[in-house]
Amino acid sequence: MSEFIKLENVTFDYSAEEQNGQHHEAIKNLSLSIEKGSFVAIIGHNGSGKSTLAKLFNGILVPTNGRVTVDGMDTSNEDLIFDVRRRVGMVFQNPDNQIVATTVEEDVAFAPENLGVEPSEIRHRVDQALESVKMSEYKEHSPSQLSGGQKQRVAIAGIIAMQPECIIFDESTAMLDPQGRKEVLETILKLKERGMTVILITHYMNEAVNADRVVVMNGGSIEMDGNPREVFSQVEKLREIELDVPQVTDLAYRLRRDGFELPEGLLFEEETIGALMKLFERGK
Ligand SMILES: Nc1ncnc2c1ncn2[C@@H]1O[C@H](COP(=O)(O)OP(=O)(O)O)[C@@H](O)[C@H]1O
Ligand SMILES: [Mg+2]
């Protein structure tokens, strides 16, 4: 796999332009590479710098110090910013703020229209994008009549129609009900299967466990970085920085603490049930 997004010693200070001396670095001397085609979850408590990081990834923000490159393009180069934003799409938290048109298909067509894509090609891309989020049958509907999960899938279709190489989801499931969250997560997993680079910022640990890699942010720096099992097996360290672990990981952690022989870092319900069954059978 090759490097797609690269941060080298990046610092970002929201107050850097103001001369009031009040300095607060939202991102502190952070270095990180995101591989092409990978699925990276970013977790961290409120204010730890996740959204700032996301905005640095696609050039909405440029570093105060250090360098961000997307496919080798420096995001601080204004001549390249259009290209950077086209390659790295972003889906935000509130689906209502992302809907711009009066029908679903017009909404999905909006971004490629702005990119100057040919009308016949737009038609094709809109159909494909709606198909991939399973919203084709709603194409003539008004977005205002959709559920939160459906609106968010339309927002994702709009990004897909730009044909980016990477999509960042910044707490895109946070405002949805469990059904909506499930629909959006399924859509995200499908994008990953198709080779898209996916960056998932989330508060839901059961979403993060699906990633290839989990990056834990704390105070503008990376606190932990590893595969989900490596990260979530460190229950105490995560608790110290006010983070949860997946429910089954917590259950297994408590049982281990009480002397039961369960493997460390269990993440999924099925494997936990399997491990518990083994334990019971041995105990008989
Ligand atoms: N527009 C802004 N102006 C000033 N400070 C900001 C702004 N956005 C975020 N911050 C500050 O930067 C830090 C990181 O915020 P953010 O990246 O939004 O964290 P997260 O997404 O993890 O909650 C916080 O201390 C926050 O208060
Ligand atoms: Mg945020």
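Among (1) more than 9 Å from ligand 1 (Cβ to nearest atom); (2) modelled with pLDDT of 95 or more; (3) surrounded by fewer than 20 Cβ atoms within 10 Å (Cβ to Cβ), there is one condition GLN19 misses while meeting the rest; what is its number?
(2)
Is it fair to say LEU61 is buried (at least 18 other Cβ atoms within 10 Å of the Cβ), over 27 Å from LYS6 (Cβ atoms) and in contact with a Lys or Arg (Cβ under 6 Å, 6 or more places away or on another chain)?
no
Can you pull out the residues in the stretch 202-217 that are surrounded by fewer than 18 Cβ atoms within 10 Å (Cβ to Cβ), within 16 Å of ligand 2 (Cβ to nearest atom) and of a type outside the set (Ser, Thr, Tyr)?
Within the stretch 202-217, just HIS203 meets the criteria.
Could you tell me how many of the residues in the stretch 62-90 are within 16 Å of ligand 1 (Cβ to nearest atom) and either under 17 Å from the mean Cα position of the chain (by Cα) or of a type in the set (Phe, Trp, Tyr) (or both)?
1
Among the residues of the stretch 229-260, what is the count of those that are in a loop (DSSP other than H, G, I, E, B), under 23 Å from the mean Cα position of the chain (by Cα) and surrounded by 13 or more Cβ atoms within 10 Å (Cβ to Cβ)?
The qualifying residues number 7.
Among (1) closer than 27 Å to LYS36 by Cα; (2) over 18 Å from the mean Cα position of the chain (by Cα); (3) in a helix (DSSP H, G or I), which single condition is ARG123 missing?
That leaves (1) as the condition not met.
I'm trying to understand the selection: among the residues of the stretch 168-201, which are within 16 Å of ligand 2 (Cβ to nearest atom) and touching a strand residue (DSSP E or B) at 6+ places or on another chain (Cβ under 6 Å)?
ILE168, PHE169, ASP170, GLU171, SER172, ILE199, LEU200, ILE201
The values are calculated or read from the model by the stated rules, or taken from the named source; none is laboratory data. Because the structure is a prediction, the values reported are computed rather than measured. For neighbour counting, all protein chains shown are included, and Cβ atoms are generated from backbone atoms with ideal geometry for every residue, glycine included.
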